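Reading through the structure tokens given below for one structure.
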Amino acid sequence: GTLPDGFETVELPAGRYAVFPHLGHVSTLVGTIDTIWTKWAPESGLPLRHDAPCFERYTAAFDAETGLG
């Protein structure tokens with residue numbers, strides 16, 4: 001489909017990705033990301049690809065006005 005102005009598509013390479021839901025306000029997302037890299041990643045025992053993209057995905061439930069969803 002078409003994207004709103006200012007958006008673009010990005011193709012992600014095939015691979016295994018970890019998915020972490022963030023349930024709080026968007027302003028606290030930095031804490032979730034910090035926990036992923038300082039706690040989960042080192043303790044996971046999984047090999048990490050440092051050349052793979054790190055990205056955020058917002059669903060239709062996200063409300064930019066409230067910062068929730």
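Considering only 28, 38, 59, the mean-square fluctuation computed in a Gaussian network model of the chain, springs between alpha carbons under 10 angstrom, is largest for 59.
Can you send over the carbon and sulfur percentage of the accessible area for the chain, probe radius 1.4 Å, protein chains only? Walk me through the intermediate numbers first.
Details: 3610 of 6240 Å².
With neighbouring chains kept in place, the figure for the chain is 58 percent.
With R₀ set to 25 Å, the beta-carbon distance separating residue 2 from residue 58 gives a calculated FRET efficiency near 0.90.
A 1.4 Å probe run over the chain, with the rest of the protein chains in place, finds 90 Å² accessible per residue.
Can you give the translational diffusion coefficient of the chain in µm²/s, computed by Stokes-Einstein from the Kirkwood radius over Cα pairs at 20 °C and 1.002 mPa s? Taking Rh from Cα pairs, D becomes 148 µm²/s.
The values are calculated or read from the model by the stated rules, or taken from the named source; none is laboratory data. Being a predicted model, the structure only gives us computed values, none of them experimental. Because the Cβ atoms are built from the backbone with ideal geometry, glycine has one as well, and the counts that use them run over all protein chains shown. Keep in mind that these areas ignore ligands, DNA and RNA; they rest on the heavy atoms of the full protein, side chains included. Shrake-Rupley method; radii C 1.70, N 1.55, O 1.52, S 1.80 Å.
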